[in-house]
Amino acid sequence: MIRKKIIKPKKVVKKAVKKPKLEKSKEEPIILQGLRGMKDVLPQDQSYWEQARRVAEKLARDYGFSRIDIPLVEFANLFTRNIGAGTDIVEKEMYAFTTRGGDKVALRPEFTAGICRSFIQHGMNVLSKPVKLFSIGPVYRYDRPQEGRFREHYQANYDAFGEEDSILDAQIIQLAHRFTQNLGIKNIQIQVNSIGCPICKKNYNSLLVNYLESKKNKLCQDCKRRLENNPLRALDCKEDKCFQVSAAAPQSVDHLCEECRTHFKTLLEYLDELDLPYSINSRLVRGLDYYTRTVFEIYSGTEDAKKNSLGGGGRYDRLIKTMGGEDTPAIGFAIGLERAIAEMKRVQAKPYKSPKPRVFLAQLGNLAKKKSLKLFSELEKNGILTAESFGRGSLKSQLKIANRLGVELTLILGQKETLDGTVLIKNMATGAQETVSADKLVDAIKKKLKTDNVIVLHNNNHE
Ligand code: HAM
């Protein structure tokens, strides 16, 4: 007898499935607020920003500057070495961090060091001189936020390489002046100084240190420290007591070597020739260590704005060489866009006026709605700036919007027009209506709006 082996089904042992514990979220709540010292530029402010960008870019073209865009992040020592270890920017204001790969990097606190790095890296020294480079974008400084002082601010930055003659200094100062004039900020003061080359700077530094040492007990704590690592900076300290001391300090212009004196003298002659509103400020030293010879700052003359410079710059003839490049003199400056825009508002300068649509496209019924998107794109391709409100169904509400926008023509695409391959053109001023064939529509609109006007030029600069 064959015994059938009875295979018993294996008992399925039910494993106790662990229910996932609902862990309490340890994440911090999202703070719905931008970081301190950083601002959104909202749509209602964009007309000022657009104007500032347009002025910056037009002047760059007019003065022969080519645009360069450099990364926001660089190796941190590019800044610490070249801006200077004893400067506020490097000591207190850098956004520096170590990447996952272990690189020590920093958000750029200014453009110049990065532009010099790029100049050397890409062998721009072989280009015909001067090599003029223009940049625009944000920079980061962990400063104490206050009026006109942000942790993220935008600069329009101009740097020119390879020319030592002071005529270039004058042209750069002229460009900074034109910038403010073109923005509509007419009342401007330019301050200039010469801090000399490394040789006269060294002699002057020791004279200054001797003087400051003799007044040490009258200086603020910061300036006592500056005496050790950056005595020049004591000259532009805003503390009252330091201001009193620096008023009687030896002046760099009195201690320039022969070459630096001639350089400064000819610069002043050029500035006179240009009739620029400048004055010599012997305490102007700038907050970055790389400067030599010419330094300058530009201020608005309005009372409220006097404490903050709109822009500043100067020569940095040794920087490219100290960074490892060929000996290349250079000069540049940057304008702070937030400050320039605040000043435009203060003096009620005109912002950019964006072109307004002169045509409205209204549609009625499902079929027309479907066709209207294509028609809209046809008008756009032909440079006819058109407004619409595709989400609305009723003709009345669409015409209301057309009226509010003040357009000259409304195109009406209804069921009948769609089937006939036509469009109704309504003159909003007279109420007159005309039906035109869809393939002749573009020409008909151009004719009605006096052809040339309808191609909305996007460079209506209000300088
Ligand atoms: P800077 O004077 O440090 O120069 O900055 C230029 C301009 O940026 C200032 O005049 C100001 O308008 C604006 N600015 C500076 N810091 C702030 C801030 N915390 N908040 C708002 N605006 C600010 C430089 O950066 C040099 N790299 C300029 C230069 C270019 N020199 C030679 N080439």
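The values are calculated or read from the model by the stated rules, or taken from the named source; none is laboratory data. These numbers come from a predicted model, not from an experiment. When we count neighbours, we look across all protein chains shown, and the Cβ atoms used for this are built from the backbone with ideal geometry, even at glycine. Heads up: the accessible areas ignore ligands, DNA and RNA and are worked out on the full protein's heavy atoms, side chains in. Shrake-Rupley method; radii C 1.70, N 1.55, O 1.52, S 1.80 Å.
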Report summary line: Just one listed residue, out of LYS58, LYS39, is assigned to a helix (DSSP H, G or I) and touching a residue at least 12 places away in the same chain (Cβ under 8 Å), and it is LYS58
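Residue-wise test of (1) in the same structural domain as LEU288 (by TED's automatic domain parsing); (2) at pLDDT below 90; (3) open to solvent by 10 Å² or more (accessible area, probe 1.4 Å).
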| residue | (1), (2), (3) |
| --- | --- |
| GLN181 | yes, no, yes |
| VAL192 | yes, no, no |
| GLU213 | no, no, yes |
| GLU228 | no, yes, yes |
Query raised in the report: For region 233-255, does any single residue satisfy the condition of being open to solvent by 20 Å² or more (accessible area, probe 1.4 Å), within 16 Å of the ligand (Cβ to nearest atom) and either touching a helix residue (DSSP H, G or I) at 6+ places or on another chain (Cβ under 7 Å) or assigned by TED's automatic domain parsing to the domain that holds TYR154 (or both)?
Result: yes
Report task. Kindly provide the set of residues from region 370-399 that are of a type in the set (Lys, Arg) and in contact with a Ser or Thr (Cβ under 9 Å, 6 or more places away or on another chain), ordered by number. Result -> LYS370, LYS371
Report task. Can you work out which of the residues in region 372-393 that are polar (S, T, N, Q) and touching a residue at least 12 places away in the same chain (Cβ under 8 Å) is most open to solvent (accessible area, probe 1.4 Å)? Result -> ASN382
Query raised in the report: Quick one: is ILE185 hydrophobic (A, V, I, L, M, F, W, C), buried (at least 20 other Cβ atoms within 10 Å of the Cβ) and closer than 29 Å to MET94 by Cα?
Result: no
Report summary line: Checking TYR270, TYR290 in turn, the sole residue that is surrounded by fewer than 21 Cβ atoms within 10 Å (Cβ to Cβ), closer than 26 Å to LYS129 by Cβ and aromatic (Phe, Trp, Tyr) turns out to be TYR270
Query raised in the report: in the same structural domain as ASN308 (by TED's automatic domain parsing) and open to solvent by less than 60 Å² (accessible area, probe 1.4 Å): does that describe ASN157?
Result: yes
Requested in this report: Determine if region 71-92 includes at least one residue that is free of Cβ contacts under 8 Å to residues at least 60 places away in the same chain, acidic (Asp, Glu) and either touching a Cys at 6+ places or on another chain (Cβ under 6 Å) or not in a strand (DSSP E or B) (or both).
Outcome: yes
Query raised in the report: Of the residues that make up region 286-294, is at least one at positive phi, in contact (Cβ under 8 Å) with a residue 12 or more places away in the chain and touching a Gly at 6+ places or on another chain (Cβ under 7 Å)?
Result: yes
Requested in this report: Quick one: in region 55-77, of everything that is of a type in the set (Lys, Arg) and touching a strand residue (DSSP E or B) at 6+ places or on another chain (Cβ under 9 Å), which residue is nearest to GLU91 (Cα to Cα)?
Outcome: ARG67
**Report entry** Where ILE199 falls short, out of the listed (1) closer than 18 Å to THR262 by Cα; (2) crowded, with 21+ Cβ neighbours inside 10 Å; (3) aliphatic (A, V, I, L, M)
**Finding:** (2)
Report summary line: For region 101-120 the number of residues that are in a helix (DSSP H, G or I) and either surrounded by fewer than 20 Cβ atoms within 10 Å (Cβ to Cβ) or not hydroxyl-bearing (Ser, Thr, Tyr) (or both) is 8
Requested in this report: State whether one or more residues within region 315-336 are under 21 Å from the mean Cα position of the chain (by Cα), surrounded by fewer than 20 Cβ atoms within 10 Å (Cβ to Cβ) and not charged (D, E, K, R).
Outcome: no
Query raised in the report: Are any of the residues in region 341-364 surrounded by fewer than 20 Cβ atoms within 10 Å (Cβ to Cβ) and within 14 Å of the ligand (Cβ to nearest atom)?
Result: yes
Requested in this report: Grab the strands (runs of 3 or more DSSP E) fully contained in region 278-321, keeping just those with 3 or more residues being within 11 Å of the ligand (Cβ to nearest atom) and in the same structural domain as GLN189 (by TED's automatic domain parsing).
Outcome: 292-300, 311-315
Requested in this report: Look through GLY162, GLY137, GLY196, GLY102 and report the one residue that is without any contact (Cβ under 8 Å) to a residue 24 or more places away in the chain and not basic (Lys, Arg).
Outcome: GLY102
